[in-house]
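K.L.:
Right, I'll just put the structure down here and ask away after.
The values are calculated or read from the model by the stated rules, or taken from the named source; none is laboratory data. In this text, all values refer to a predicted model and were calculated from it rather than measured experimentally. Every residue, glycine as well, gets a Cβ built from its backbone with ideal geometry; the counts of neighbours run over all protein chains shown.
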Amino acid sequence: MVWTVVQQERAALARDLATLCAEQWSAPTACPGWDVQDVVAHLVDSAKTTRLGFVRDMVAARFDFDRQNARGVARERRADPHEVLAELRAVTDRTSTPPAPLATRLVEAFVHGDDIRRAVGLRGDYPPESVVEALKFQLRTSVRMGGGKERAAGLRLTASDIAFDAGAGPVVRGPALALLLAVSGRPVEPGELSRDLRP
């Protein structure tokens, strides 16, 4: 089920990217230092990454996760962003993955998909049940490991568009996607959530 959703999200993102003008590919995203093409290149690199390949890349990056990501982006980035789009289409059906829980593929598809779309004024239509699955994973995972457990500590998160309620404390209410983005350290628009999470 996870892979079906991920593959559908890759295809949907490719359709949206086909509408971009040249300038939009250079739009900055919520990922520090990465523009739209960088995030797409990261998604392509991640889709191509196998468990063994990830280990080799980490050794080459001297076990620095940020350096490993930067090397992957550099590997997949092209002078013509439409070549990166073609690569995204080519990896749409892949099921290779780094050595990480499968739920991370959902997190990546939704959060990075929205990093890209928000940077160019688009909105995604994500399956709420799968967004909740990704959100639950992020709430169990520390910030150090790419999650958002500490950001939501002492708060009660309640989705306004699907049955979801987690935690205890002051209520943070909003769409499940906005909760996922905030827990993952992404900015959301004013009014999307009833209150801010921890930075």
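K.L.:
Inspect all residues belonging to region 45-67 and state whether any of them is assigned to a loop (DSSP other than H, G, I, E, B) and modelled with pLDDT of 95 or more.
P.N.:
Checked against the condition, which is being assigned to a loop (DSSP other than H, G, I, E, B) and modelled with pLDDT of 95 or more, region 45-67 yields no hits at all.
K.L.:
Name every residue in region 1-33 that is within 17 Å of the chain's Cα centre (by Cα), without any contact (Cβ under 8 Å) to a residue 60 or more places away in the chain and in a loop (DSSP other than H, G, I, E, B), in order of residue number.
P.N.:
The answer is Pro32, Gly33.
K.L.:
Identify all residues within region 90-113 that are assigned to a helix (DSSP H, G or I) and buried (at least 17 other Cβ atoms within 10 Å of the Cβ); write none if there are none.
P.N.:
The answer is Ala103, Thr104, Arg105, Leu106, Val107, Glu108, Ala109, Phe110, Val111, His112, Gly113.
K.L.:
I'd like the full set of residues that are out of contact with any helix residue (DSSP H, G or I) (no Cβ under 9 Å at 6 or more places or on another chain), surrounded by 16 or more Cβ atoms within 10 Å (Cβ to Cβ) and over 15 Å from Ala182 (Cα atoms), limited to region 135-168.
P.N.:
The answer is none; no residue qualifies.
K.L.:
Quick one: how many residues across region 174-199 are outside any loop (DSSP other than H, G, I, E, B) and touching a residue at least 40 places away in the same chain (Cβ under 8 Å)?
P.N.:
6
K.L.:
Something else about it: Can you name the condition, by its number, that Ala79 falls short on among (1) in contact (Cβ under 8 Å) with a residue 12 or more places away in the chain; (2) over 23 Å from Leu180 (Cβ atoms); (3) of a type outside the set (D, E, K, R)?
P.N.:
Among (1) in contact (Cβ under 8 Å) with a residue 12 or more places away in the chain; (2) over 23 Å from Leu180 (Cβ atoms); (3) of a type outside the set (D, E, K, R), the lone unmet condition for Ala79 is (1).
K.L.:
Collect the residues in region 114-126 that are surrounded by fewer than 22 Cβ atoms within 10 Å (Cβ to Cβ) and either touching an Asp or Glu at 6+ places or on another chain (Cβ under 9 Å) or of a type in the set (A, V, I, L, M, F, W, C) (or both), keeping them in residue-number order.
P.N.:
Arg117, Arg118, Ala119, Val120, Leu122, Arg123, Gly124
K.L.:
Residue by residue through region 160-179, note down the ones that are acidic (Asp, Glu) and closer than 14 Å to Pro127 by Cβ.
P.N.:
Passing the criteria: only Asp161.
K.L.:
Report, by residue number, each residue of region 136-173 that is without any contact (Cβ under 8 Å) to a residue 12 or more places away in the chain and of a type in the set (S, T, N, Q).
P.N.:
Hits for region 136-173 are Thr141, Ser142.
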